[in-house]
Structures are given as C-alpha cells and as structure tokens.
Amino acid sequence: MTRRQLEGLAAAIAIIGVVVPRPAAAQQPEVATTVAFTEGPAVDRDGNVYFSEMVSLRIMKLTANGVLSTFRERSNNANGLLIDPQGRLIACEGSESQRTGVRVTFKPQVTRTDVRTGKVEVLADNYQGKPFVGPNDVTIDSKGRLYFTDLAGGAVYRIDGPGQLARILAAPEIQRPNGIQISPDDKQLYLIEANGAEGGARLIRAYDLRADGTVGNMRVHYSFYPGRSADGMSIDTQGNLYASAGMNQLRGTSETLATKTGVYVISPQGKLLKFIPIPEDFITNNGFGGSDMKTLYVTAGKTLYKVRTEIAGLPR
C-alpha cells in the first residue's frame, strides 16, 4: 500500500499497545500486536518480527515472547522488509507521502541494517543516475540476489551485489508493481500488480526466471479484478503463494468489494487453494516465521496477526 492511500487515515488511528493473544486453532488468525498502520513483516532466526509502522514512520520489533519495541525511529518511510541469510534487515524506503495535505519527501532507497549494531548501509538509491520513486517490496533468491519493486516508478530491479544493479522489468509492460516473490527452485518470479485505476491491472504475474536473473514468458497467474489486488505475498516450501488482498470498505478508487480481505493461498498452477479471512482493512503484507516456519504473520490496518499454517514457509 502506498503512503497516498493512507491520507486521512493517520489522524484517526492511535497507538494501542500490545495485546496478549489467546491460543488459536490452525488457520484462525490471532492478534500478535496492535500499533497504528502496519506493513512488511519479516522474521529473524530468533523469532523476532520486524514490521513497518507507516503512520509514525518507525520499524517495530516484536520478540518471540511478545515484547514490542521500536527498532528504528525515523524509518525514512520504510515499507517492505526482509531478513537476509546473514540475519541483516533489508528495507524498501522512501515513497513520497502526504499528511493532511502537506507533502513529505523522503529518500527512495534500499538499505541493509545490521540488527546488532543498527548500522545502516545503502544498497541502491538510483538506476543509471536517476533516483528511484519509491521502493516498495523485496525478495531474495537462493544465490542471495535481491529483487525489489518500485511501485510508483513502474519498475522491478535486481541487486547482484554492491554497486551491481539491473532493471529487469519496466513500464509499459508493467503498471504498478507491488509484492514480489520467487519460487523455491528459483525458476519462477511472481509479481503483484496493484493498479486501482479504472481497468488497471490487479493480478499476480508469473515469469520464467532465468539463471542470469532476467525474466521472460509472462502470464497471468491469478486475477483479483475488479476487486482490490494483493499488496504483498509470501511463499511456502511447496511453491504456494500467500497473497494479502482485498478490502471490506471502499477507498475512493474503481476497486470493488469483490475481493474480500484476507490471505489467498494460490498453488503453483494458479488455483485458489484456501482463503484465510482477516477482519481488518487494509490488509498489506505477510511473512513466515517461528521455529518450524509454520507461523504466518499478517499486517492489516493497525494490527499484526499470526496464523498457524500446515506447510512451512520460506524466509523470502
């Protein structure tokens, strides 16, 4: 979800604090914690959940035993997050925002943070000298290459290493790229299109991912049109996507209420396997964690939910 879509919402949402969850059955979401407006959950090996808080511009940390704290103040409007294999926090940052009619500008960039020291390293902030517009979400393949979306910029990039950046997709072949994922065997790249304009693409695209990190053979994997498209997604060890999509209230776009709020579990063949309802708008993203990687953390509205799953997820 972009910052513009939160206009008018920020003043209405207050920080509530930590909610102690009750035991819940598998596939039934329970509240992990509530804050203000949540995005981009990522879980480290110790079970700490990092997620973006889009109203007060912070990155939050929820420990495995339920202690909530602020990991990073002044987050530069951080959105999608990822924990890499070395335990470092990758963040997509800097989408322009607007609060009560006042435009706020941040620096669009992708960063890497040492969670022990808090040291922040900028991995990328421009392509061929042109600044990004607003990095939104990020994933990683088994070779350690990062793939991220620039939603407002209409592009997808790959980071191969320090100073090694490639653009693999761009407008007009894509519109408003949001969530992004890679299959367990590194052979497919999935991309969410989240265009709320009349006739806009609201779907998941699938591409063949070549060994060199380029893509081809685009096809529509799953369509949410005319409802609200997915925002972010995760993937399990069997290649099923878990897409956070839908809404239960209109938000001034051409999107309808045809797509209900929840997590859509979609097979590698593009079939809907399961729907996990989430009671709160607006749902944004999700990520796997837990000692067995069978806990799915879901960000929606002011709340971080958690759901037990039958299949283990991947830390992508």
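The values are calculated or read from the model by the stated rules, or taken from the named source; none is laboratory data. Quick caveat: nothing in here was measured; it's all calculated off a predicted structure. Here the Cβ is made from the backbone with ideal geometry for all residues, glycine too, and neighbour counts use every protein chain on show.
Table for the structure above
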| read-out | value |
| --- | --- |
| When residues of region 223-246 are limited to those that are over 16 Å from Glu198 (Cα atoms) and among the charged types (D, E, K, R), the one farthest from the chain's Cα centre (by Cα) | Asp236 |
| Region 271-292 - residue that is in contact with a Ser or Thr (Cβ under 8 Å, 6 or more places away or on another chain) and among the aliphatic types (A, V, I, L, M) and, of those, surrounded by the most Cβ atoms within 10 Å (Cβ to Cβ) | Ile283 |
| Complete set of residues in region 34-47 that are in contact with a Ser or Thr (Cβ under 9 Å, 6 or more places away or on another chain), within 22 Å of Gln181 (Cα to Cα) and surrounded by 21 or more Cβ atoms within 10 Å (Cβ to Cβ) | Thr38, Glu39, Gly40, Pro41, Val43 |
| Residues located in region 75-115, provided they are charged (D, E, K, R) and modelled with pLDDT under 95 | Glu96, Arg99, Arg103 |
| Within region 68-79, considering residues that are out of contact with any helix residue (DSSP H, G or I) (no Cβ under 9 Å at 6 or more places or on another chain) and assigned to a loop (DSSP other than H, G, I, E, B), the one nearest to Thr299 (Cα to Cα) | Ala78 |
| Strands (runs of 3 or more DSSP E) within region 26-67 that include 2 or more residues at pLDDT 90 or above | 38-43, 49-53, 58-62 |
| Residue check for Gly144: at positive phi, in contact (Cβ under 8 Å) with a residue 60 or more places away in the chain and either more than 17 Å from the chain's Cα centre (by Cα) or crowded, with 24+ Cβ neighbours inside 10 Å (or both) | yes |
| Pairs with Cβ under 7 Å, 6+ apart, first in region 174-189 and touching a residue at least 60 places away in the same chain (Cβ under 8 Å), second part of a loop (DSSP other than H, G, I, E, B) and among the basic types (Lys, Arg) | Gln181/Arg316; Ile182/Arg316 |
| Hits in region 271-290 - residues which are assigned to a strand (DSSP E or B) and within 24 Å of His221 (Cα to Cα) | Leu272, Leu273, Lys274, Phe275, Ile276, Pro277, Ile283, Thr284, Asn285, Asn286, Gly287, Phe288 |
| Filtered residue count, region 153-177, keeping only those that are of a type in the set (S, T, N, Q) and over 16 Å from Asp125 (Cα atoms) | 1 |
| Qualifying positions in region 291-316 - farther than 26 Å from Arg145 by Cβ, in contact (Cβ under 8 Å) with a residue 40 or more places away in the chain and not in a strand (DSSP E or B) | Ser291, Gly301, Lys302, Thr309, Glu310 |
| Yes/no for Ser244 being more than 20 Å from Leu146 (Cα to Cα) and surrounded by 24 or more Cβ atoms within 10 Å (Cβ to Cβ) | yes |
| Residue pairs meeting the criteria (Cβ under 9 Å; at least 6 apart or on separate chains; first hydroxyl-bearing (Ser, Thr, Tyr), in region 115-137; second surrounded by 15 or more Cβ atoms within 10 Å (Cβ to Cβ) and assigned to a loop (DSSP other than H, G, I, E, B)) | Tyr127/Gly153 |
| Odd one out for Asn217, checked against (1) in contact (Cβ under 8 Å) with a residue 60 or more places away in the chain; (2) more than 22 Å from Tyr127 (Cα to Cα); (3) of a type outside the set (D, E, K, R) | (1) |
| Strands (runs of 3 or more DSSP E) within region 214-266 that include 1 or more residues closer than 18 Å to Glu39 by Cβ | 230-235, 241-245, 262-266 |
| Any hit, region 185-196, residues being of a type outside the set (D, E, K, R), touching a Phe, Trp or Tyr at 6+ places or on another chain (Cβ under 9 Å) and part of a loop (DSSP other than H, G, I, E, B) | no |
